[in-house]
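The values are calculated or read from the model by the stated rules, or taken from the named source; none is laboratory data. Everything numeric here is computed off the predicted structure, so don't read it as measured data. Using ideal geometry, Cβ is built from the backbone for each residue, glycine included, and neighbour counts are taken over all protein chains shown. For the accessible areas, the whole protein counts, side chains as well, though only heavy atoms, and no ligand, DNA or RNA atoms are used. Shrake-Rupley method; radii C 1.70, N 1.55, O 1.52, S 1.80 Å.
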Amino acid sequence: MNDTLIRDAELLVTMDGDEIPGGWVALREGTVTGTGRPGTEPRAARTLSARGALVTPGLINTHHHIFQNLTRAYAPATRYELFDWLGTLYPLWAGLDEEAVEVSTWVGLAELALGGCTTTADMLHSHPRPRLTDAQIRAARQVGLRFHACRGALDLSERDGGPAPEEITQSTDEILADCERLVSTYHDPSPGSMVRIALAPATQAAVSERLMAETARLAERLDVRLHTHLAESLDEVTYCRETFGRRPVDQFEHVGWAGDRAWVAHFVFSEPGERARLGRWGTAVAHCPGSTMMLGAGAASLPALREAGVTVGLGCDGSASTDHASLWLEARTALAAARERGGAASTTARDVLRAATVDAAACLGREDGLGRLTPGAPADVTVWELDEFAFAGAHTDLVEAWLRCGPVRPRHTIVQGRPVVENGTLTLPHTHDMLSAHARISRRIQRLSD
Ligand SMILES: [Zn+2]
């Protein structure tokens, strides 16, 4: 018998070709067993009502720096663009330790679940102390979100002409050895896995050419994915021209990253020929318009990327640049940004929902049905509350309404068949203790007095 039946949805969207009014989805032992029309519901040990709600696959976040929730809306940095913003925050991130990373990840993952997200990637790029990725994975296991830890890295310190203070950088060899250790300890390539590792030097503008090239070779040998930032800011374009004599995407190809093993964040400053090359290579893009617009760089054009054949997933990006961790909010921002760039006919709410589910799963290299409600897929489901005030008058297209009206919160966020949010509330214990710990640690990191 099924463990869980979610039934009576206003609309069930499978992202596998079906939109079913009054539909249901059944789950057993962490996988979807079926979906269907009203009147055909199977038996289940327990039933969750989706009456008055939209049901979709759980949203998938393809790019984030969760630890940055320790330095959110940090006053000295709020008027800066990327390089100055980083320069202001890097010294604070030197205060990261295992406790800071574990607590900030726990809080960030809980916030993501409250925004309807069930799987997230996360790039931790500052490593002032060892074993910080391990602390993230501990938090992910406690919260129960599916977690793709992107082992970030900076190996160029100010002494080597890089942008980062020495305390948050590591040597190239130390980084590569830790990547290998993390993959052998945690990476689970099996269908439905809860933890995977990707290798993720932060950006070509802050790491050595050797780290980029050797990371690509290591990822090939270990059969894991590659992730980095690419063409995020004009400063990065200038840096790559001056340092390598190439544009960012040419340097990316030069160091052996061009291919379908990699997905890259942002890709804002791209030319048509460069977008076509990414499309041909199968290199996917994590689109995070909230963050790049907030930092004054504008947004990548979602319609132009899609037209070039690039797979585009959605991402929140840094908790201190976007300053939120709601994929719903990011999806709404992406819809508005895409239509501003490509016109009203260019992009629909369904296009953006696809970027946040099916195409996001492709960014992360998931081939187990993640991002769809289809038999055998991982049992990740979000039941979205269609609030009676915000949705008053929305009758003709519930998917468009879901992204245009709002704000929308999940009634239930279910990961691997387990509710992380149930009836709008986190099912996790000690939430107030975790927030108190976060307040204490973030004040320390920001060097504020108690
Ligand atoms: Zn980022």
Open item on the list: I'd like the residue in the stretch 263-275 that is outside any loop (DSSP other than H, G, I, E, B) and over 17 Å from A206 (Cβ atoms) and, out of all such residues, is most open to solvent (accessible area, probe 1.4 Å).
Closed with: P272
- [ ] Show the residue pairs that are 6+ apart or on different chains and have beta-carbon atoms under 6 Å apart, the first residue being within the stretch 116-130 and more than 16 Å from R141 (Cβ to Cβ), the second being of a type in the set (D, E, K, R) and open to solvent by 10 Å² or more (accessible area, probe 1.4 Å).
- [x] P128/E167; R129/D97
Open item on the list: Quick check on my filter: what residues within the stretch 413-425 are open to solvent by 20 Å² or more (accessible area, probe 1.4 Å), farther than 17 Å from G192 by Cα and in contact with a strand residue (DSSP E or B) (Cβ under 7 Å, 6 or more places away or on another chain)?
Closed with: E422, N423, G424
TODO: Just name the residue that is surrounded by the fewest Cβ atoms within 10 Å (Cβ to Cβ) out of those in the stretch 276-306 that are without any contact (Cβ under 8 Å) to a residue 40 or more places away in the chain and in contact with an Asp or Glu (Cβ under 8 Å, 6 or more places away or on another chain).
DONE: G282
Task: Flag for E214 being assigned to a helix (DSSP H, G or I), within 25 Å of D173 (Cα to Cα) and within 16 Å of the ligand (Cβ to nearest atom) - done: no
- [ ] May I ask you to verify whether V25 is in a helix (DSSP H, G or I), modelled with pLDDT of 95 or more and away from the ligand (no atom under 16 Å from the Cβ)?
- [x] no
Open item on the list: Checking the structure you have, find out if any residue of the stretch 73-84 is away from the ligand (no atom under 16 Å from the Cβ), surrounded by fewer than 19 Cβ atoms within 10 Å (Cβ to Cβ), assigned to a loop (DSSP other than H, G, I, E, B) and among the aliphatic types (A, V, I, L, M).
Closed with: yes
TODO: Tell me which residues, restricted to the stretch 167-190, are open to solvent by 10 Å² or more (accessible area, probe 1.4 Å) and touching a Lys or Arg at 6+ places or on another chain (Cβ under 6 Å).
DONE: T172, H187
Open item on the list: Here is a check on your reading of the model: is R366 open to solvent by 40 Å² or more (accessible area, probe 1.4 Å) and charged (D, E, K, R)?
Closed with: no
Open item on the list: Looking at T47, T40, can you tell me which residue is surrounded by fewer than 24 Cβ atoms within 10 Å (Cβ to Cβ), modelled with pLDDT of 95 or more, assigned by TED's automatic domain parsing to the domain that holds T396 and not in a loop (DSSP other than H, G, I, E, B)?
Closed with: T47
